[in-house]
Amino acid sequence: MLSRASLRPLLIGGALATCLAWGSAGLAPLTEAVAGCLAPSDLPTDFVPAARRARGARAGTDVVTGNAEALAAGAPAFVAVGAPYRAHPPPAVTMVRPLVALGFRGAALAWLALSLGSIAVLAWIVTGVFVPEPRRRFPRVWPTFAALLLWPPVLHNLEKGQWSLPIAALLALAWVASRRGAQGRTGALIAAAGCFKITPAVVLVAFLARPGRWRALAGAAAATVGLVIASLAVMGPAYWGDFLDASRENAAGWQTAPANTMSLWGLASRLLIGGAFARPVLVSPVMARGLWLLGALPLVGLAATVTWREAQRLPSDRVAGVPPRVFAVWSALAAMLGPLSWTHTATWLVLPGALLLREIGQTPSRSVPGGLALLAALVLLTIPRLALFALAGPLPVGPGRGLFLGVHLLGALLLFAAACLGAPRPLRAGA
């Protein structure tokens, strides 16, 4: 029988392996994040359309014009790889519109403040998983905040000025709202995350097998309608058309990018489509879609099975919120199934990982496989993308060495497996 004490060497070994993974690229991830957070290279594709709309011009533009306006504002230029000068849904750009008055430098500082606030929210909620009492939690939250701040996926988000940290905070707040029985707010928070990047909306499925599902759906619908109306008013209807027309082209331009390390489609497209960043084994989009479906469909089926089993194990009158394993599997799917899932998307898995760790710690004798999978996931997700770039070699990467760019996807798969392995059996009637 495995005890908590016997788990200690395993945890120490996992911590050492995580430290080695963190240092595998030296200090480059940290120095690049410090330099990039003051002039994040992904923020201009939101800032320039918002600035164009602020002065009465059409929000959408081409890469040449967008880069000219970005450089004039003191922002970095967009890398031309055949993708359009837009990436995020209009509600996301709408949120950047109030920052235009600050200029790009001021907007970058405001975005950094939002990102740091998101880390603080995430650290508070994650620490609360293990220390629920607020007074005891407060002195313990600071090491969690520091650890998250230095985690390579977080550093990547800070460097690029991306949306993953605010989305991770929204999903964590949705979890808290669900545990408190505020299902309408839960749905609204998840829908807001999905309006800023599409795939976080997948997490809403986790909440549909529990009490209050209709309130969650109503909250999600209300938030979606509200954000869409706001984006129509602020950015104009034409920008929605620009975004929808450009979505396929944007995914095609960036799908083989080396930082697309969390996406199942990224792996398939490097092997079977290729592009500016990768040389494929052969060019067959049909086979690439088949490979993606071959991976995605079993994962969705497993997630549905875990959801059903947990619903049977925990009767509806016993638990207000969604079980941790269900939240974890759908969070992992949200990160893996999108066509573009950059390294910083791993931040969405911080709270699910903490919830699984707590559950595994409560039943160590029955959770050895899940615990090993979770520790391996942490180690793999901690490897900086720069270390994977070095392993993959110069661009365009070859089909063999390019597999190193899927290491973070493997980490997400292992977290998914940790949620599936060792799940308790359904309770017997009357238990």
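No lab work stands behind these numbers, since they all come straight from the coordinates. Everything numeric in this text was worked out from a predicted model, so none of it was measured. Positions of Cβ are generated from backbone atoms using ideal geometry, with glycine treated the same way; all protein chains shown enter the neighbour counts.
Some notes on this structure:
- Farthest towards the positive end of the charge dipole of region 215-353, among the residues G353, N250, M287, is the Cα of G353, using unit charges on the Cβ of Lys, Arg, Asp and Glu.
- The magnitude of the dipole of the chain, with charges of +1 and -1 set on the Cβ of Lys/Arg and Asp/Glu and taken from the Cα centre, is near 1280 debye.
- Centroid-to-centroid separation of region 174-193 and region 228-269 [C-alpha atoms, Å]: 25 Å
- Amide H contacts under 5 Å for A278, placed H, 5+ residues apart: V397
- Cα long-axis angle, helix 324-336 against the chain (0 to 90 degrees, to the nearest 10): 30 degrees
- With the biggest extent put first, the Cα atoms of the chain measure 66, 47, 47 Å across the principal axes.
- Vicinal HN-Hα couplings computed from phi for region 277-292 (Karplus, 6.51 cos²θ - 1.76 cosθ + 1.60; Hz; Gly/Pro x): 10, 8, 9, x, 5, 7, 9, 8, x, 5, 5, 4, 5, x, 5, 4
- Local charge for A288 was computed over the other residues whose Cβ lies under 15 Å away, with Lys and Arg +1 and Asp and Glu -1, and equals +4.
- Within the shell of other residues whose beta carbon sits under 11 angstrom from the beta carbon of G36, the net charge comes to -2, with Lys and Arg scored +1 and Asp and Glu -1.
- For region 1-159, the spread of Cα positions along each principal axis, largest first, Å: 67, 36, 26
- Rounded to the nearest 10 degrees, the angle from helix 164-179 to the longest Cα principal axis of the chain is 40 degrees.
- Along each principal axis, taking the top coordinate minus the bottom one, the Cα set of region 67-137 gives 52, 27, 20 Å in descending order.
- The listed peptides 18-30, 247-259, ordered by packing as a protection proxy, come out as 247-259, 18-30 (highest mean of other Cβ atoms within 10 Å first).
- Of M287, M235, M336, the one that fluctuates the most in a GNM where the chain has Cα springs shorter than 10 Å: M287
- Sequence-separation-based contact order of the chain, relative, with Cα cut under 8 Å and 6+ spacing, percent: 20 percent
- Scalar couplings 3J(HN,Hα) for region 83-90, obtained by applying the Karplus form with A = 6.51, B = -1.76, C = 1.60 to θ = phi - 60°, are 8, x, 8, 6, 9, 9, x, x Hz; x denotes Gly and Pro.
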